[in-house]
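Here the structure comes first, spelled out in structure tokens, and everything after it is commentary.
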2 protein chains.
Amino acid sequence: MARIVIALGGNALGNTPEEQQSMIEAACPALVGLISQGHEIIISHGNGPQVGMINLAFDIAARENKKVSPMPLQECTAMSQGYIGYHLQKGISRELRVQKMPWQVATVITQVVVDPLDPAFQNPTKPIGAFYDEAVAEQMMQADPKLRMKEDSGRGWRRLVPSPKPIDIAERKSILNLLDNEYIVIACGGGGIPVVRDERGDYCGVPAVIDKDFASAKLAEVVGADYLFILTAVDHVCVNFGQPDQKELKTMSTGEADMYIQSGQFGAGSMLPKVEAAVSFVRSGWGKRAVIASLDQAPQAMRNESGTLITL
Amino acid sequence: MARIVIALGGNALGNTPEEQQSMIEAACPALVGLISQGHEIIISHGNGPQVGMINLAFDIAARENKKVSPMPLQECTAMSQGYIGYHLQKGISRELRVQKMPWQVATVITQVVVDPLDPAFQNPTKPIGAFYDEAVAEQMMQADPKLRMKEDSGRGWRRLVPSPKPIDIAERKSILNLLDNEYIVIACGGGGIPVVRDERGDYCGVPAVIDKDFASAKLAEVVGADYLFILTAVDHVCVNFGQPDQKELKTMSTGEADMYIQSGQFGAGSMLPKVEAAVSFVRSGWGKRAVIASLDQAPQAMRNESGTLITL
């Protein structure tokens with residue numbers, strides 16, 4: 001029996017509540033398929049489109065109606081954990097019943113600890129929320145000197161937030177405790193609510209977003225997982241992606257991964273963080289393995305019949 | 001050692017994220033004070049102002065921008081559980097550190113089961129979300145014959161949703177499991193995400209809201225709690241409230257409560273559901289006790305020095 005952290009992409013969850021529920025229901029047979037092979041499962045998930053929508057809704061509504069407060073990003077992430085966790089709980093419970101399995105499922109609202117000195121705080125790179133005209137953006141930045149904004153792909157100006165690296169999972173013990181009691185745990189949604197420790201040791205939320213693949217790798221490390229599964233839209237990691245000589249990788253050592261990363265084989269916003277997260281987990285201890293595979297092929301990937309296996 | 005369910009009013013949590021965090025931090029010494037007396041604690045909370053704000057934000061933003069989807073009420077409640085649970089987790093963790101206590105704290109995203117035949121579904125009574133002009137409201141009701149709307153205190157027309165009674169807590173086992181492992185559990189936020197069981201036994205969300213006092217009483221019943229604490233803004237339940245002969249009650253039997261309810265002593269939207277929920281819990285088993293007290297006097301109420309104790 002292995003302990004597995006499964007990272008689901010936020011883009012695999014659709015753009016509306018109806019889409020989200022039906023895409024999650026479609027994914028659940030593969031997820032529960034892993035459990036029926038006798039493994040322990042923790043599910044983490046992205047929240048890019050979802051936290052973007054929540055943040056945008058509060059941005060727009062707070063301008064229109066004073067009963068709606070502007071909502072800091074960390075609180076939007078907390079909301080997205082409730083929203084997505086609820087749908088995952090429902091979908092997985094249903095599939096457990098169909099497959100007649102005794103496991104329970106629970107969502108843990110998760111804070112992920114980052115370093116206040118992380119250089120990302122000096123260099124915010126993640127665009128989030130509403131689009132503004134250049135003139136409005138200039139005004140906003142003058143009014144708030146800390147605010148960074150950038151033109152985003154010809155669609156307008158957007159706020160940039162930092163994306164620091166995770167260093168610990170605040171709710172590690174809650175997750176382990178549920179896991180020990182035959183729970184499928186949903187945790188670290190959207191990369192977790194980013195917090196820093198203050199001088200007394202208390203957690204304070206910070207307006208940032210944590211990459212869900214890095215958060216999942218850290219989660220896998222701190223719960224002593226054997227496997228990190230990063231589930232996405234493609235069956236394998238590829239080199240020369242989209243070229244005539246494209247090659248699907250069945251296995252990749254961390255050394256090979258380093259080489260491919262250096263030669264620019266992986267897209268910055270897509271495969272690169274997945275491969276980096278996989279490598280960081282595999283290097284965190286002896287015998288750790290990572291798999292990058294497509295969501296619907298997850299049980300096959302567990303049997304080495306699909307996906308890319310990353311080993312030391 | 002007693003097992004205690006504590007119900008916090010959503011109105012005690014403020015209207016903005018900043019207010020909410022500071023009001024929760026102010027409440028935490030009293031909450032953690034109960035634990036330091038050696039008790040097991042489950043915290044439930046209301047979400048009236050918060051789910052109203054989330055629902056309103058999506059109502060407004062979905063009209064303005066097609067990237068924002070209209071958000072069903074049950075998903076808004078799931079978001080509010082993440083939002084409020086996160087702040088409670090932070091505040092309680094901090095206070096546990098200050099008081100040097102070893103407990104952990106976790107938020108459980110909770111579905112609360114209601115009966116699809118509950119008469120409340122035929123008679124929606126809870127106003128929620130945006131205010132509309134009468135003409136717009138008429139149009140909306142014509143476009144959607146299931147939609148019920150009502151003029152709300154001269155402020156405009158609002159959607160009405162049903163408020164069915166809770167019959168079970170879907171995440172009962174998760175809550176008990178954490179409690180057995182020295183966790184302070186935050187559960188049933190906003191009365192829980194309302195769900196019905198379909199013919200296969202799966203849970204389906206329904207657009208409704210469950211009264212948080214009734215949900216807390218049901219939670220207290222299903223986890224075998226000894227006490228239900230309903231914490232509010234006043235120190236005692238009163239009869240002849242606001243009259244020259246106002247009388248603060250130190251104790252009240254369920255029979256006395258019935259009598260006061262029948263004679264119209266308690267306000268429909270305020271003290272009445274609290275007293276009804278307390279009575280229903282006390283009658284659910286031998287030796288069960290309920291306390292209605294003010295938030296800042298919770299530890300005193302546990303020592304019978306404040307609040308109204310409701311017994312069989």
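The values are calculated or read from the model by the stated rules, or taken from the named source; none is laboratory data. This is a predicted model, so every value here is computed, not measured. Methodologically, a virtual Cβ is constructed for each residue, glycine included, from the backbone with ideal geometry; neighbour enumeration extends over all protein chains shown. For accessibility, only protein heavy atoms count, side chains too; no ligands or nucleic acids. Shrake-Rupley method; radii C 1.70, N 1.55, O 1.52, S 1.80 Å.
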For the protein assembly as shown, the dipole about the Cα centre with charges only on Cβ (Lys and Arg +1, Asp and Glu -1), to the nearest 20 debye, works out at 500 debye
Degrees separating the helix A:271-282 axis from the principal Cα axis of chain A, which is the longest one = 60 degrees
Could you work out the mean count of beta carbons from other protein chains within 10 Å of each residue's beta carbon in B:61-72?
-> 6
Using Cα positions and a limit of under 19 Å, work out the aspartates and glutamates in reach of A:K66, with same-chain residues fewer than 8 apart set aside.
-> A:E75, B:E18, B:E19, B:D59, B:E64, B:D133, B:D152
Position B:G287, label points 7 Å along Cα→Cβ, spacing to each other copy in nm (shortest first, one decimal) | 4.7
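From the protein chains alone at 1.4 Å, what is the descending order of accessible area for B:R158, A:R303, largest first?
Details: B:R158 35, A:R303 125 Å².
The ordering from most to least exposed comes out as A:R303, B:R158.
Roughly speaking, what is the stretch gain from A:I261 to A:K146, that is 0.36 nm per residue apart minus the C-alpha to C-alpha distance, in nm to one decimal? Provide the component values of the computation, followed by the final result.
Working: separation 115, 0.36 × 115 = 41.40 nm, distance 3.28 nm.
Result for the pair: 38.1 nm of gain on full extension.
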Which of B:G191, B:G287, B:G154 fluctuates most in a GNM of chain B (C-alpha springs under 10 Å)? That residue is B:G154
With Cα springs under 10 Å, the Gaussian network model of chain A assigns the largest mean-square fluctuation among A:W157, A:W103, A:W286 to A:W286
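Would you tell me the mean number of C-beta atoms belonging to other protein chains that fall within 10 Å of each C-beta in A:14-21, as a whole number? Mind dumping the intermediate values first?
Values: counts 1, 3, 5, 10, 3, 1, 2, 4.
Average per residue, whole number: 4.
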For B:F229, the residues 5 or more places away or on another chain with a placed amide H closer than 5 Å to its own amide H are B:V5, B:I6, B:A7, B:V291
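Across peptide B:177-183, how many C-beta atoms of other chains are within 10 Å of each residue C-beta, on average? Could you put the intermediate results ahead of the total?
Numbers: counts 8, 7, 0, 2, 7, 2, 4.
Per residue, the average neighbour count from other chains is 4.
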Before rounding to the nearest 500, sum -39500 (n - 2.57) across all DSSP H runs of length at least 4 in the protein assembly as shown and divide by the residue total; then give [θ] at 222 nm in deg cm²/dmol.
-> -12000 deg cm²/dmol
Summed for both chains, how many Å² of accessible area, to the nearest 100, are buried between B and A with a 1.4 Å probe?
-> 4400 Å²
List the distances, in nm to one decimal, from the label point of A:Q262 to the label points of the same position in every other copy, shortest first, placing each label point 7 Å from Cα along the Cα-to-Cβ direction.
-> 8.7
In the range A:151-207, which GluC sites (Glu not before Pro) are in a loop and have at most 12 other Cβ atoms within 10 Å, using DSSP for the loop call?
-> A:E199
Which of A:G85, A:G264, A:G224 moves the most in a Gaussian network model of chain A with Cα springs under 10 Å?
-> A:G264
Angle, helix A:73-98 long axis vs. longest principal axis of chain A, Cα atoms, 0 to 90°, nearest 10?
-> 30 degrees
How many Å² of accessible area per residue for the protein assembly as shown, probe 1.4 Å?
-> 41 Å²
Relative to the other copies, what are the label-point distances for B:G156, with labels 7 Å from Cα along the C-beta vector, expressed in nm at one decimal and sorted shortest first?
-> 2.2
From the phi of every residue in the range A:179-190, what ³J(HN,Hα) in whole Hz does the Karplus formula 6.51 cos²θ - 1.76 cosθ + 1.60 yield, where θ is phi - 60° and glycine or proline is x?
-> 4, 5, 10, 6, 10, 8, 9, 9, 8, 6, x, x
Roughly how many percent of the accessible protein surface of the protein assembly as shown is carbon and sulfur, given a 1.4 Å probe and a whole-percent answer?
-> 49 percent
What's the angle, to the nearest 10 degrees (0 to 90), between helix B:17-36's Cα axis and the longest principal axis of chain B?
-> 30 degrees
